[in-house]
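A short write-up of the structure that comes next.
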Amino acid sequence: MKFIMIVNFLTSVCVFVNAIALYYITRQESYLYTPVSGFFGILSGFLVGIKQIMPDQEVGLFFLLKIKAKWLPSLLVLVSSALSFFLVETVSYIPTLVFGIYTSWIYLRYLQKKPETNLRGDPSDDFAFSTFFPQFLRPILDPIASIFHVLLCGRSEVASESKGYTLGGSPLPGSDPIEASRRRERGARALEQRLAEDKASAAGTAGGASHGDVENV
C-alpha cells in the first residue's frame, strides 16, 4: 500500500509539472485539459517491482513470445509509443507510464527500507538504471546514471558504512536478501541446465553402446 501511494503521488506530481511546462513552452491549453489516469503509473510501477524481484523469470506473451521479466517495463513503453502513431488518444498516457516507471525505480532503488537489514534501496547491478535499455546503450548511460547515484545515495552509503554494513563503499556479500535470492535462482537454473546436459550425454552414450552391440551381433 505504501508503494502504491508513493508511486501514485510522485507520478501525479511529475505529470502535473510536465503539463505546466509544456503549456508554457507551446502556449497550447490542450496540455492543461488532457485527461490522465494514475492507475497506468501504478501498473508500470508494478512491472518495475517484478523486474526487481525476478528479473530472469520468463513470461509468456500472447502464448507465442517469451521474454524475461526484466524487460516488461521497457516493453510497455515501447508498445505504448508504437501505438501512439496509430491511436492519438494513447499519447496522453505515455508520460504517466514513463514517470510511473522512473518514480517506482527511484523508490525501490534508493528509498525502500528493508526491515531485515535496516538498509535502504537495492544497490545490485541487475537493478541499475541502464538495465532498462539495450546492452549497447549502457556504456553511454552508466556515467550519467552514476552522477545521480552519488547525489541520491552518497550520504546513505556513508551512514551504512558507519554501521558496519559496507566495506570500502560497497555492501558486504550476502547482506542483501534480494541479491541472495537472485543468486540462488541463478544457481538452481545452472544446476538444472547441467543435469539436463549430463542426462542428454548419458542417453547419447547409451545409444551409441547399444548400436555397437547390434553391429557386433
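The values are calculated or read from the model by the stated rules, or taken from the named source; none is laboratory data. Quick caveat, the model's predicted, so the values are computed rather than measured. Neighbour counts run over all protein chains shown; Cβ positions are idealised from the backbone, glycine included.
Numbers below:
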item: Count - residues of region 52-75 that are out of contact with any helix residue (DSSP H, G or I) (no Cβ under 6 Å at 6 or more places or on another chain), assigned to a loop (DSSP other than H, G, I, E, B) and in contact (Cβ under 8 Å) with a residue 24 or more places away in the chain; result: 1
item: Which listed residue is at pLDDT 50 or above and either more than 25 Å from the chain's Cα centre (by Cα) or surrounded by fewer than 11 Cβ atoms within 10 Å (Cβ to Cβ) (or both), from GLY207, GLY169; result: GLY207
item: Test: residue in region 48-64 that is of a type in the set (Gly, Ala, Ser) and closer than 23 Å to ALA128 by Cβ; result: yes
item: Single match in PHE40, PHE86 (criterion: loosely packed, with under 14 Cβ neighbours inside 10 Å and more than 25 Å from SER146 (Cα to Cα)); result: PHE86
item: First in region 182-201 and over 23 Å from ASP122 (Cβ atoms), second anywhere and at pLDDT 75 or above and surrounded by 10 or more Cβ atoms within 10 Å (Cβ to Cβ), Cβ under 7 Å, 6 or more apart; result: none
item: Residue count, region 27-51 (criterion: in a helix (DSSP H, G or I) and farther than 27 Å from ILE6 by Cα); result: 2
item: Positions within region 56-103 being closer than 20 Å to ASP126 by Cα, touching a Ser or Thr at 6+ places or on another chain (Cβ under 8 Å) and of a type outside the set (A, V, I, L, M, F, W, C), in sequence order; result: LYS70, PRO73, GLY100, THR103
item: First in region 118-134 and farther than 21 Å from VAL77 by Cβ, second anywhere and of a type in the set (Phe, Trp, Tyr), Cβ under 8 Å, 6 or more apart; result: ASN118/TYR165; LEU119/TYR165; ARG120/TYR110; GLY121/TYR110
item: The one condition in (1) under 13 Å from the mean Cα position of the chain (by Cα); (2) surrounded by 17 or more Cβ atoms within 10 Å (Cβ to Cβ); (3) closer than 14 Å to LEU97 by Cα; (4) modelled with pLDDT under 90 that LEU75 fails to fulfil; result: (2)
item: Members of region 86-132 that are among the aromatic types (Phe, Trp, Tyr) and assigned to a helix (DSSP H, G or I); result: TYR93, PHE99, TYR102, TRP105, TYR107, TYR110, PHE127, PHE129, PHE132
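Yes/no matrix, rows are residues, columns are (1) touching a strand residue (DSSP E or B) at 6+ places or on another chain (Cβ under 7 Å); (2) closer than 30 Å to ARG186 by Cα; (3) of a type in the set (S, T, N, Q):
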| site | (1), (2), (3) |
| --- | --- |
| ARG27 | no, no, no |
| TYR33 | no, no, no |
| SER44 | no, yes, yes |
| LEU47 | no, yes, no |
| ILE50 | no, yes, no |
| GLU89 | no, no, no |
